Amino acid sequence: MTTYTYPRFDYVKPAELSGGTASRHPVAVVGAGLVGLTMALDLAQRGIACVVLDDDETVSHGSRSICQAKRTLEIWDRLGVAGKMMDQGVTWNDGRVFYRDSELYQFNLQDIPDSKFPAFINLQQYYVEQYLVEAAQVNDLIELRWRNQVTGIDTAAADGVTVHVDTPDGKYSLSCDWLIAADGARSTIRREMGLDFIGEVFQDHFLIADIEMQVDFPVERRFWFDPPWGPEQSALLHMQSDNKWRLDFQLGWDIDKEREVKPENVIPRVKRMIGDDIEFEFEWISIYTFQCRRLEKFKHGRVFFIGDAAHQVSPFGARGGNTGVQDADNLGWKLGLVLNGRAPEALLESYDQERVPASAESIMHSTRATDFITPKGPVSRAFRDAVLELARDYPFARALVNSGRLSTPTLLRDSPLNSYNVGFNGTGVTLGTPCPSVPVEAQYEGGDAVSHLPDALGGGFCGLYFAETEGDIPGDILSGLLDLAGADLPVSTFLVSPLQNAASKLRGLFDRLGAVTQALAAEPGTFYLVRPDQHVCARWRSLDIGQLETALHTAVAQRQSGAEQAASGG
């Protein structure tokens, strides 16, 4: 059996207990899981130092979150850690859905065939965290403190937070300007602040059995409603790295959990699914319940909640870890601008205004999947079974089948940071949408590695101007774009052209295949303003520099004029 060796990270006596000078930290992150570590790496990329506190000394036990979505991989790619994950993970785009003894349909989740990343890779959470830790360990702006257990916090001060910590060498207190709670579903920070979740816990239990076996099954997601081997109500089979396989069984509510997780009772379930003649070994067995809950607010003064500390969803749909990574992606650039003196603190309110609705959307999808997988009564069950029967032969019914709507990027359509949307009539990449990972070729210094649009955009404000040559840009527009490139809050504009070497003063992107132009429904003169998290926040068919400056101000200060609001419907 291929056994993962859990790394042990060294505990170091904190400066607060070793006689050194205890400095105040700009940011403290509680929790060194995949979300907290993503947060730390994002802040470090923006020049922000942070300390990460974790009560353990290794990575998460068990495979846990395994489905890493394309948008998550794009974020990790910007942070320089996606390569190892792609090398170790199992790539997949396809899935199949079964009802009893027959297949209903197949699906493919890759919406952009030439995308840099697949729809998903399957990679155990312990690998993900290991690679994130390795990146953090070599970053001078990140201080990892293992076996530092947070026991309480003090939020009374207007300008910061005090964190109380227990270690093998005793207790100490740490001061920070901002505190980020990434300490998971049982968050100490949430408990200490007296905050409760809103939502529901569903009365059903599911059994995870991660096994190792040597089989030639296709790399795809397989889901069964009422599997023919019974008695489970639903089941899932999915491949992971190292010939590990995720098996998921729906057991019902009235069970003996201690009995169900005993290997001798899990073995018959596994054999009924895969067959008696296939040898396998267990890596991890666990039982969970569906939970669709969140905090009412994710920002409380100088404390931010991200990941499972802020929201919880059922595993079907791969929305837990992926949503948490998007939390970090959303918060990082905003906190970075504020701490670097380039934006007012008011910008931080938009974290709540954007991520709470994003979480609510994720919970909605998760709840609908839960309701379909676990009908609450005879009528719901009759409806579900009728849908499944029809789905065998009728495509319209397949759209109603819900085995977990798999994670997709959050669309921030109602963000207060959006502004101008002039002349598109609903075409192209609408406001609040992340830029698509379509192929493009860099033609600027340092851009040799750029193969897809997100590679070029990086982590700052960017503009995309579409024209054949730089000479086609009106002089006052070109001058204004160059001025913005050198401003205190810079906007790096790219000339996107179907011709090679079309730019000289601006950065050039050679749209050889026309993929960027097509995806963004661009015409000569089209301009897109893109936020540091690569979501579109304004766009014009014909750029007005004054409006661009106003849109940039809106994107960092949340103030919109009446003219902007009137223009936002185009």
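Out of everything in the stretch 92-148 that is of a type in the set (Ser, Thr, Tyr) and closer than 26 Å to Ala399 by Cβ, what residue ends up being surrounded by the fewest Cβ atoms within 10 Å (Cβ to Cβ)?
So the residue we want is Ser102.
Quickly run through the stretch 111-133 and pick out the residues that are touching a residue at least 40 places away in the same chain (Cβ under 8 Å) and more than 20 Å from Gly62 (Cβ to Cβ).
Scanning the stretch 111-133 gives Ile112, Asp114, Ser115, Lys116, Phe117, Pro118, Ala119.
Would you confirm whether any residue within the stretch 298-310 is over 19 Å from Ala555 (Cβ atoms), in contact with a Phe, Trp or Tyr (Cβ under 6 Å, 6 or more places away or on another chain), of a type in the set (D, E, K, R) and surrounded by fewer than 21 Cβ atoms within 10 Å (Cβ to Cβ)?
yes
Assess whether Val52 counts as being part of a strand (DSSP E or B) and modelled with pLDDT of 95 or more.
Against the criterion (part of a strand (DSSP E or B) and modelled with pLDDT of 95 or more), Val52 qualifies.
For residues in the stretch 190-225 being among the basic types (Lys, Arg) and over 16 Å from Lys297 (Cα atoms), which is surrounded by the fewest Cβ atoms within 10 Å (Cβ to Cβ)?
Of everything passing the filter in the stretch 190-225, Arg222 is surrounded by the fewest Cβ atoms within 10 Å (Cβ to Cβ).
Looking at Asp308, Asp327, Asp385, which one is of a type in the set (D, E, K, R) and out of contact with any helix residue (DSSP H, G or I) (no Cβ under 7 Å at 6 or more places or on another chain)?
After ruling out the rest, the residue left standing is Asp385.
Are any of the residues in the stretch 102-114 among the charged types (D, E, K, R), under 20 Å from the mean Cα position of the chain (by Cα) and not assigned by TED's automatic domain parsing to the domain that holds Gln326?
Yes, the stretch 102-114 contains at least one residue that is among the charged types (D, E, K, R), under 20 Å from the mean Cα position of the chain (by Cα) and not assigned by TED's automatic domain parsing to the domain that holds Gln326.
Tell me whether the stretch 370-388 contains one or more residues that are of a type outside the set (Ser, Thr, Tyr), buried (at least 19 other Cβ atoms within 10 Å of the Cβ), outside the structural domain of Leu34 (by TED's automatic domain parsing) and within 26 Å of the chain's Cα centre (by Cα).
Yes, the conditions are met somewhere in the stretch 370-388.
In the stretch 64-75, is there at least one residue being farther than 30 Å from Tyr172 by Cβ, acidic (Asp, Glu), in contact with a helix residue (DSSP H, G or I) (Cβ under 8 Å, 6 or more places away or on another chain) and surrounded by fewer than 18 Cβ atoms within 10 Å (Cβ to Cβ)?
No, there is no match, as no residue in the stretch 64-75 is farther than 30 Å from Tyr172 by Cβ, acidic (Asp, Glu), in contact with a helix residue (DSSP H, G or I) (Cβ under 8 Å, 6 or more places away or on another chain) and surrounded by fewer than 18 Cβ atoms within 10 Å (Cβ to Cβ).
Determine which member of the set Arg272, Arg246 is in contact with a Ser or Thr (Cβ under 9 Å, 6 or more places away or on another chain), crowded, with 17+ Cβ neighbours inside 10 Å and over 30 Å from Asp352 (Cα atoms).
Step by step, each of Arg272, Arg246 is checked, and only Arg246 is in contact with a Ser or Thr (Cβ under 9 Å, 6 or more places away or on another chain), crowded, with 17+ Cβ neighbours inside 10 Å and over 30 Å from Asp352 (Cα atoms).
Report yes if Gly404 is in contact (Cβ under 8 Å) with a residue 24 or more places away in the chain, on the phi > 0 side of the Ramachandran plot, buried (at least 22 other Cβ atoms within 10 Å of the Cβ) and under 20 Å from the mean Cα position of the chain (by Cα), otherwise no.
The answer is yes for Gly404.
Working only within the stretch 445-485, note down all residues that are closer than 12 Å to Leu495 by Cβ, in contact with a Lys or Arg (Cβ under 8 Å, 6 or more places away or on another chain) and not charged (D, E, K, R).
Answer for the stretch 445-485, where residues must be closer than 12 Å to Leu495 by Cβ, in contact with a Lys or Arg (Cβ under 8 Å, 6 or more places away or on another chain) and not charged (D, E, K, R): Ala456, Leu478, Leu482.
Does Leu132 qualify as being aliphatic (A, V, I, L, M) and more than 27 Å from the chain's Cα centre (by Cα)?
no
Being more than 25 Å from the chain's Cα centre (by Cα) and outside the structural domain of Val128 (by TED's automatic domain parsing) is the requirement here; does Val261 meet it?
In short, yes.
Could you grab me the full set of residues in the stretch 477-501 that are surrounded by fewer than 22 Cβ atoms within 10 Å (Cβ to Cβ) and without any contact (Cβ under 8 Å) to a residue 40 or more places away in the chain?
Leu478, Ser479, Leu482, Asp483, Ala485, Gly486, Ala487, Pro490, Ser492, Pro498, Leu499
Having 3 or more residues that are in contact with a His (Cβ under 8 Å, 6 or more places away or on another chain) is the bar; report the strands (runs of 3 or more DSSP E) wholly within the stretch 179-292 that clear it.
Here the list reads 244-252.
Going by the structure shown, is Asn418 surrounded by 22 or more Cβ atoms within 10 Å (Cβ to Cβ) and either over 24 Å from Phe197 (Cα atoms) or modelled with pLDDT of 95 or more (or both)?
Yes.
Determine if the stretch 25-38 includes at least one residue that is outside the structural domain of Val438 (by TED's automatic domain parsing) and more than 18 Å from Ser187 (Cβ to Cβ).
Yes.
So that you can scan it fast, the table gives a plain yes or no per residue for (1) assigned to a strand (DSSP E or B); (2) at pLDDT below 95:
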site	(1), (2)
Thr72	no, no
Met85	no, no
Tyr105	yes, yes
Asp111	no, yes
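The values are calculated or read from the model by the stated rules, or taken from the named source; none is laboratory data. If you're wondering where the values come from, they're calculated on a predicted model, not measured in any experiment. A quick note on method: Cβ atoms are made from the backbone with ideal geometry, for glycine too, and the neighbour counts reach across all protein chains shown.
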